[in-house]
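Remarks on the structure that follows.
The values are calculated or read from the model by the stated rules, or taken from the named source; none is laboratory data. Small disclaimer: the values here were computed from a predicted structure and weren't measured. Heads up, the Cβs are rebuilt from the backbone with ideal geometry, glycines too, and the neighbour counts pull from every protein chain shown.
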Amino acid sequence: MHDYHLTLVPGLIRERRPDQPVGFFLHVPWPAPEIFGRLPWRREILLGMLGADVISFHAERYRANFVRACARLLTDVGVSVHGSTVVLPDQRRVSTTTAPISIDAAAFSRLAGRGGPARAVSRSAEPARPADISSALVW
């Protein structure tokens with residue numbers, strides 16, 4: 001699963017299905033611990049995300065901010081950080097990773113240039129072709 005509005009879901013899944021593998025990806029920036037620590041729900045958000053087995057971020061800086069937030073804000077509940085791994089009180093280990101995902105700008109530019117704007121407007125009623133769009137994504 002991914003996105004900021006689902007940060008509590010990994011913990012909810014873990015409560016109901018502790019044997020279920022859970023991965024979480026966050027593509028929006030994760031703030032520095034000094035900023036994140038001001039949220040009234042900071043503990044709930046962190047513990048919710050830590051229900052996942054793997055938490056991945058769009059950029060290394062965001063991952064590092066998350067790990068630092070865990071180290072600063074959760075030590076009193078027995079959470080510890082070892083490099084990129086967060087260890088929970090029950091000794092379950094949560095890996096944090098970085099997975100930068102972007103688009104191939106040149107491919108999108110080529111797609112935009114096919115036939116010019118007049119052709120694009122005349123085709124605007126046609127459904128998008130997934131093959132055209134997915135070929136421009138970089139995984």
Of the residues in segment 20-56, those that are under 13 Å from Thr7 (Cα atoms) and in a helix (DSSP H, G or I) number 8
Checked segment 78-93 for anything touching a Cys at 6+ places or on another chain (Cβ under 9 Å) and closer than 14 Å to Gly51 by Cβ; matches are Val79, Val86
Identify all residues within segment 19-45 that are surrounded by 13 or more Cβ atoms within 10 Å (Cβ to Cβ) and aromatic (Phe, Trp, Tyr); write none if there are none.
-> Phe24, Phe25, Trp30, Phe36
Which numbered condition Ala120 misses (of (1) modelled with pLDDT under 70; (2) among the small types (Gly, Ala, Ser); (3) loosely packed, with under 13 Cβ neighbours inside 10 Å) = (3)
What single numbered condition from (1) closer than 16 Å to Ser95 by Cβ; (2) in contact with a strand residue (DSSP E or B) (Cβ under 9 Å, 6 or more places away or on another chain); (3) surrounded by 15 or more Cβ atoms within 10 Å (Cβ to Cβ) fails to hold for Leu6?
-> (1)
Does segment 87-102 contain any residue that is assigned by TED's automatic domain parsing to the domain that holds Pro18, among the hydrophobic types (A, V, I, L, M, F, W, C) and closer than 23 Å to Arg38 by Cβ?
-> no
Could you list, in sequence order, all residues of segment 1-19 that are closer than 21 Å to Val79 by Cβ, touching a residue at least 12 places away in the same chain (Cβ under 8 Å) and in a loop (DSSP other than H, G, I, E, B)?
-> Thr7, Leu8
